[in-house]
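Note sheet for the following structure.
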Amino acid sequence: MEGSFASLNVTSERYEVFTLLNHTRYGAGFRRIWQDPVLAISLLLVVLFIFVAIILPILAMVGASLSEEGRALFAHYLGERAYQDIITNTLVMGLTVATAGTAIGFLFAYVQVKMKAPFKRFMHLIALVPIISPPFAVATAIILLFGRNGMISKGIFGVRYDIYGLTGLTLALALSLFTIAYLNFKGMLQALDPSLEEAATNLGASKWHIFRTVTVPMLLPGFAASFLLLFVEAIADLGNPLVLGGNYEVLATRVYISIIGLHDNVAAAVFSMILLVPSLTVFIIQRYWVGRTSVVSVTGKPTGTPQQITHPVVRWVLISLVLGICALIVGIYVVIFVGSVTRVFGVNNAFTLEHFDFVINGYGSEAMVDTTTFAIVATPLAGVLGMLIAFLIVRKAFWGRNAVDFGTMLGIAVPGTILGIGYLIVFNNPITLTLPFVGDNVPAITLIPKLTGGRAILGGALAIIVVYVVRSVPAALRSGVALLSQIDPAIEEASISLGADNAVTFRKITLPLIRPAFLAGLIYAFARSMTTISAIVFLTTPQTRIMTQQILNETEQGRYGNAFAYCVILIGIVLVAIAILYATVGSTTGAERSLEGGA
Amino acid sequence: MAATQSNAADSLRLESISKAFPARGGEGEVRAVDTVNLNILPGEFLTLLGPSGCGKTTTLRLIAGFETPSSGRILLDGKDITNQPPNKRDMAMVFQSYALFPHMTVFDNIAYGLHLRRLSRSEIRTKVVETLELMGLKGLGDRRPNELSGGQQQRVALARSLVMEPRVLLFDEPLSNLDAKLRVQMRSEIHRLQRRLRITSIYVTHDQIEAMALSDRIVVMNKGKIEQMGTPGEIYHTPATRFVADFIGRANFVDATVIEESGSNLVVEVLGRRFTVPAKFSYSPGMSVVAMLRSESLTLRQDESLLQVVIDQAMFLGSEVEYVVNVGTKQIVVVEQDPRGISVFDEGQQVGLDFAQEAIHLLPA
Ligand SMILES: Nc1ncnc2c1ncn2[C@@H]1O[C@H](COP(=O)(O)OP(=O)(O)O)[C@@H](O)[C@H]1O
Ligand SMILES: [Mg+2]
């Protein structure tokens, strides 16, 4: 799944509230940071990372789009009917996906929290599956199920249904992105103080009345947040429109075609710019408006248990809906799995292992090893960086704290394609500094070597790893911030008061306490690195093959079997990695669990 | 107020300490601590007392080193420690929330600071075991904080600081999370320990009873400034300002007029009667002042010769009865101790109000 910068931001609103409340406690200030060399160096590194790996590429992309050539293209694109349609398409798709995804997410969360239902654990797991799902998998499976020759559309209903276009995109994206909304609502519904509903009941309100007048208004910020986040994710998505778009063109695919098909960086930058405007607007609205207006979870610990919905008709309608969607998702994954061991799915259904052979022993093995290696390198970097930034932001009141947070979040707030183009522009050549006033015979100083392409250091792998880190840190940061702001800062102060310095305190107190967030950050980083496509699609080279890129190739060639085999293996690798992370980093002590539970 | 000249006996000195924070959500700044001068003597138990938001915690955190003062100096044994980081200061803080390390056992919590001092294992063991015993925590060393009751957690927090034998112990409302009964019990325990170990202690609380019970000296703060400093007795009986009088104990304020001066005494008229009281500040005849009358210094009696008042409200509180009586112009509160011995008056009844001359404490109007 591409996206989901909010899947771990369940408690980000809570963080805002906490920082407001606790602001008094961290007056330590800049002076304190500079007094401590370890802190000072960490902060400098973080700022450098944000600037070089995030801000610089975005600025370069913006710069290219505003060049003379780019300005001409702007006029052209914004003025012409065909391009206006692409923009409209993009926004319409964002709206339909955001609506459908938010609705599904809410439905799942509502049933999960407010109802007695069978298979609840199963529903929960199904809702989490999209996190580890590779791009194209859902889209391709949907084609096989509902396309012109689809198993369900043609096979069962006998219609030649055309799933390509808005309908298919909405279905695929909503099913891939609803997890964000689900986790958001689940957190909110659980945090919703039950005494509010109890009070309303006491005053004689019916369940329906309570739902309308208490629950929904309390969750309104949650709806807004989910809607906006899904909107951004949807318009940024590249994988699904490439496979399912058909004639329905969106900005992301335009960016892709400009670079891959036309080798026109400026045109790509201009399309990206047009895409960046709604993305960034929505990100800022979500951050500064929705984040501030949250009414839920100010008190932190709710008392009592949420009231259950018992109305039989309501219950069974909602439960059936959820189970239906679950069945659809299961069906999709069954298609993926069966497709990976079938000669040509739907045409020649003979069992075969040739697709796996292709991936494991043949052409695909390199991509498998490379991708996993890059992800393994990027994961701990992203995890540690996320925790460090979270620590600095929550615990150290320094000037520019908000900018550091914002800068880090930009890494995921901007569409991946934009970041990719930025890297192409900035790091395709070494960045050098020529000293003024010295002779021509003095070589220029290389500040940043060439990072992308075949002849870059590590054959371009470095740029890909950096992108993985950039795309993963925001989630680690949010989960770190969420957990850290629930840990009494006095615990760290107690350590300092007993004679420990900042570094010892971070190692012996902070890090063990935020281990659950660290673990979540690592899992997320690995899963995202393995499944990301939009940000690295322009950075892969014949030397550095990436699985998602290979899946795209196979899908485009119609070799679904190979694509599915890649997907199955990718899911397998992610699951194994999660198991390993749990075993090594996972927390076992009751203390940490109680902290988690108190969240 | 307090002496700013050097005093060799000082343990800790705050010299015109101020701390301003940028105002939350707006322009300007909040002066949380405003030119505070303070000398703390070795072995002294000093309490910072005041309403919420008056700057007590900030003062304590400045002393601990968690905040840097905007101006002023802090000296420990004559040495300037204003810019010394908190971990380098020989002080230990007991937090309101206890701030126990949830991922460590009780033993490890207490041993934490000793490890940092690089004491030998056996030394650490001895000290921790001793402290566990001293604090009545014997046998709980292997527990985790979340397996302890609130009172036990409080003891661990205290033990963790005590074991360090710091020059100064700092307490930030350590008892405010305990229920009433436990609070009283821990209060007397802290009292007993401190009198025994005589570690210089600075204690922050908004609870006046706690402050009076524990302290050698109380510093009453208001809006970042020191209102008054003195022994519990001085603060209670001779408050310097109306704020202090009002904050501590139950006080009635009635208007009074200075009639004349006689030597170092004054004749004042309070509630229609004349009293001769010591002059605490300069007066001129005819001046309006305020007389503070503690509720427990007042008594009601059936006596026609006394000022007659009407009882508006009578509340039986077990150990005492609290009356709200009307003295014609205003209401005042009278408390009668041990109501069994005396007659309890009814609401609406008319009785006489009596008080001794010593009950009067004059404040500027
Ligand atoms: N870090 C901070 N930023 C802004 N204002 C603060 C900060 N810390 C304390 N204050 C303000 O300073 C004043 C004193 O706070 P505090 O020392 O916590 O009071 P107390 O402990 O007496 O209740 C309050 O008005 C508080 O809001
Ligand atoms: Mg306080």
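The values are calculated or read from the model by the stated rules, or taken from the named source; none is laboratory data. Keep in mind that this is a model prediction, so the values were computed, not measured. Note that each Cβ is placed from the backbone with ideal geometry, even for glycine, and that neighbours are counted across all protein chains shown. For accessibility, only protein heavy atoms count, side chains too; no ligands or nucleic acids. Shrake-Rupley method; radii C 1.70, N 1.55, O 1.52, S 1.80 Å.
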- Item | Residues (in a helix (DSSP H, G or I) and crowded, with 24+ Cβ neighbours inside 10 Å) located in the range A:531-549 | A:Thr531, A:Met547, A:Thr548
- Task: Could you tell me whether B:Glu123 is closer than 24 Å to B:Arg89 by Cα, away from ligand 1 (no atom under 16 Å from the Cβ) and open to solvent by 50 Å² or more (accessible area, probe 1.4 Å)?
- Result: yes
- Residue satisfying all of: in the range B:70-89; within 12 Å of another protein chain (Cβ to nearest Cβ) and either over 14 Å from B:Ile17 (Cβ atoms) or open to solvent by less than 10 Å² (accessible area, probe 1.4 Å) (or both); farthest from ligand 1 (Cβ to nearest atom) among these: B:Lys88
- Query: Can you tell me how many residues in the range B:90-101 are more than 8 Å from every other protein chain (Cβ to nearest Cβ) and over 22 Å from the mean Cα position of the chain (by Cα)?
  - Reply: 1
- Here the residues within the range A:435-480 that are charged (D, E, K, R) and either surrounded by fewer than 24 Cβ atoms within 10 Å (Cβ to Cβ) or modelled with pLDDT under 80 (or both) are A:Asp440, A:Lys450, A:Arg455
- Item | Residues located in the range B:27-37, provided they are more than 10 Å from ligand 1 (Cβ to nearest atom) and either crowded, with 22+ Cβ neighbours inside 10 Å or of a type in the set (D, E, K, R) (or both) | B:Glu27, B:Asp34, B:Val36
- Task: Among the residues of the range B:165-204, count how many are of a type outside the set (Gly, Ala, Ser) and within 16 Å of ligand 1 (Cβ to nearest atom).
- Result: 10
- In the set B:Arg144, B:Arg160, B:Arg167, which member is within 12 Å of chain A (Cβ to nearest Cβ) and either open to solvent by 10 Å² or more (accessible area, probe 1.4 Å) or free of Cβ contacts under 8 Å to residues at least 24 places away in the same chain (or both)? B:Arg144
- Of the residues in the range B:199-248 that are surrounded by 22 or more Cβ atoms within 10 Å (Cβ to Cβ) and among the polar types (S, T, N, Q), the one that is farthest from ligand 2 (Cβ to nearest atom) is B:Gln228
- Identity of the residue in the range A:493-514, open to solvent by less than 20 Å² (accessible area, probe 1.4 Å) and of a type in the set (A, V, I, L, M), that ends up farthest from the other protein chains (Cβ to nearest Cβ): A:Ile514
- Note on the structure: The condition from (1) surrounded by fewer than 24 Cβ atoms within 10 Å (Cβ to Cβ); (2) in contact (Cβ under 8 Å) with a residue 60 or more places away in the chain; (3) away from chain B (no Cβ under 11 Å) that A:Ala517 misses is numbered (1)
- Query: In the range B:22-36, is there at least one residue being touching a residue at least 12 places away in the same chain (Cβ under 8 Å) and in contact with an Asp or Glu (Cβ under 7 Å, 6 or more places away or on another chain)?
  - Reply: no
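Across the range B:47-64, which residue is nearest to ligand 2 (Cβ to nearest atom) among those that are open to solvent by less than 20 Å² (accessible area, probe 1.4 Å) and under 12 Å from the mean Cα position of the chain (by Cα)?
Per the criteria, the residue is B:Lys56.
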- Members of the range B:289-315 found to be under 15 Å from B:Ala245 (Cβ atoms) and open to solvent by 50 Å² or more (accessible area, probe 1.4 Å), listed by number: B:Glu296
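So, A:Leu483, is that one at pLDDT below 90, within 14 Å of chain B (Cβ to nearest Cβ), surrounded by 24 or more Cβ atoms within 10 Å (Cβ to Cβ) and farther than 30 Å from A:Gly420 by Cβ or not?
Considered against the rule, which asks whether it is at pLDDT below 90, within 14 Å of chain B (Cβ to nearest Cβ), surrounded by 24 or more Cβ atoms within 10 Å (Cβ to Cβ) and farther than 30 Å from A:Gly420 by Cβ, A:Leu483 comes out as yes.
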- Message: Against the conditions (1) within 16 Å of ligand 1 (Cβ to nearest atom); (2) modelled with pLDDT of 90 or more, where does B:Arg24 fall short? Just the number, please.
- Response: (2)
